[in-house]
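Report on the structure given below.
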Amino acid sequence: MDLQLEDRTFLVTAASRGLGYGVAEALTYESANVVICGRSENDLKKAKSRLGDRANYFVADVAVEHDIDLLIDHIHSSSPGLDGLYVNAGGPPPGGFNQLKDSDWNRAIDLTLMSSVWLTRKSLPLLRKSHSASILYSTSISVKQPIDNLLLSNAIRPAVVGLMRSLSSELGREGIRVNAVGPGYIRTERVKELLGDSEEAERAIVDNIPMGRMGSPEEFGALCAFLLSPKASYIHGSFILIDGGLYKGMT
Ligand SMILES: NC(=O)c1ccc[n+]([C@@H]2O[C@H](COP(=O)([O-])OP(=O)(O)OC[C@H]3O[C@@H](n4cnc5c(N)ncnc54)[C@H](OP(=O)(O)O)[C@@H]3O)[C@@H](O)[C@H]2O)c1
């Protein structure tokens, strides 16, 4: 299937590695142009050299509104337009209710929710000029079922899906599609680091996944590239899990 992404331009945030990189790689494979961001310039340079000429990068922390202003200014000056936005950020820190202070909550709200609000608001003028604009919010299976010891993710990520669902009503008639994805366990650098060398820890997770394995960033990237593409033209306001069957609820 031709995803009709050739020469379209996408902003893919938090993308020097992991899920974001998987999305940038899938988009460039389909001959789209991508602007990736992250906080480490060194990591972005390495990612850009692997992605090739269709990628360019900008150093930005998506939890800082001013960084997003500069990132969007960069797109204005370096790209012909913007056809899609993949909204991603680092994960909020682990912890249960008794460990988390107000400052942890406020930082996590900026990182996860306000970054989505700022990126959407500041990208919309550019997206409105595209013939097939779409926004995809990267969240987590925690939107459907809480993950132990990840209270900040469990509490704040559902607000991003609430934002997406509300925007679907507000933006649909303008032809701007919005959706969200909820990964279960995708074997990124972060997940590998968290597991360390412990085969036991990995087995405990994988035993609960009906497909008997974690997903790959390539599988995740393929789904996201499709959802961002004109081929997904009637998928709007949806939250789509990619979890190998890990979520066991009926709805
Ligand atoms: N992998 C999974 O199975 C899974 C499942 C559910 C949800 N998630 C969530 O998906 C997101 C990505 O996870 P991942 O596994 O891809 O992590 P990862 O492998 O650690 O990659 C994170 C990427 O985000 C960038 N980043 C982190 N904080 C940022 C910030 N404030 N501003 C801009 N860029 C930032 C990192 O670069 P710099 O450090 O240089 O900024 C890096 O490029 C996280 O929120 C994670 O909680 C992951």
Revision key, fill the gap. Reported set for the stretch 223-247 where residues are free of Cβ contacts under 8 Å to residues at least 60 places away in the same chain, in a loop (DSSP other than H, G, I, E, B) and within 18 Å of PRO210 (Cβ to Cβ) is GLY245
**Study point:** Residues that are at negative phi and away from the ligand (no atom under 11 Å from the Cβ), drawn from the stretch 87-100
**Key:** GLY96, PHE97, ASN98, GLN99, LEU100
Review point. When you scan the stretch 147-197, how many residues do you find that are part of a helix (DSSP H, G or I) and of a type in the set (D, E, K, R)?
Key: 9
Check your understanding: Out of LEU228, LEU195, which single residue is of a type outside the set (Phe, Trp, Tyr) and within 16 Å of the ligand (Cβ to nearest atom)?
Key -> LEU195
**Study point:** Yes/no for SER166 being modelled with pLDDT of 95 or more and buried (at least 19 other Cβ atoms within 10 Å of the Cβ)
**Key:** no
Revision key, fill the gap. Those residues of the stretch 207-235 which are buried (at least 16 other Cβ atoms within 10 Å of the Cβ) and in contact with a Gly (Cβ under 7 Å, 6 or more places away or on another chain) amount to ILE209, GLY215, PRO217, PHE220, GLY221, LEU228
Point to revise | Single residue of the stretch 135-150 satisfying the filter (within 13 Å of the ligand (Cβ to nearest atom) and among the hydrophobic types (A, V, I, L, M, F, W, C)) that is surrounded by the most Cβ atoms within 10 Å (Cβ to Cβ) | key: LEU136
Practice item. Considering every residue within the stretch 173-181, establish whether at least one is crowded, with 21+ Cβ neighbours inside 10 Å, under 21 Å from SER229 (Cβ atoms), among the aliphatic types (A, V, I, L, M) and within 16 Å of the ligand (Cβ to nearest atom). Key: yes
Practice item. Inspect all residues belonging to the stretch 112-134 and state whether any of them is touching a His at 6+ places or on another chain (Cβ under 9 Å), among the hydroxyl-bearing types (Ser, Thr, Tyr) and crowded, with 17+ Cβ neighbours inside 10 Å. Key: yes
Check your understanding: Within the stretch 214-243, which residues are hydroxyl-bearing (Ser, Thr, Tyr) and either modelled with pLDDT under 95 or out of contact with any strand residue (DSSP E or B) (no Cβ under 6 Å at 6 or more places or on another chain) (or both)?
Key -> SER216, SER229, SER233, TYR234
Check your understanding: Exactly one of (1) surrounded by 12 or more Cβ atoms within 10 Å (Cβ to Cβ); (2) on the phi > 0 side of the Ramachandran plot; (3) at pLDDT below 95 is unmet by LYS192. Its number?
Key -> (2)
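The values are calculated or read from the model by the stated rules, or taken from the named source; none is laboratory data. Just so it is clear, the model here is predicted, and its values are computed rather than measured. Note: ideal-geometry Cβ built from the backbone for every residue, glycine included; neighbour counts use all protein chains shown.
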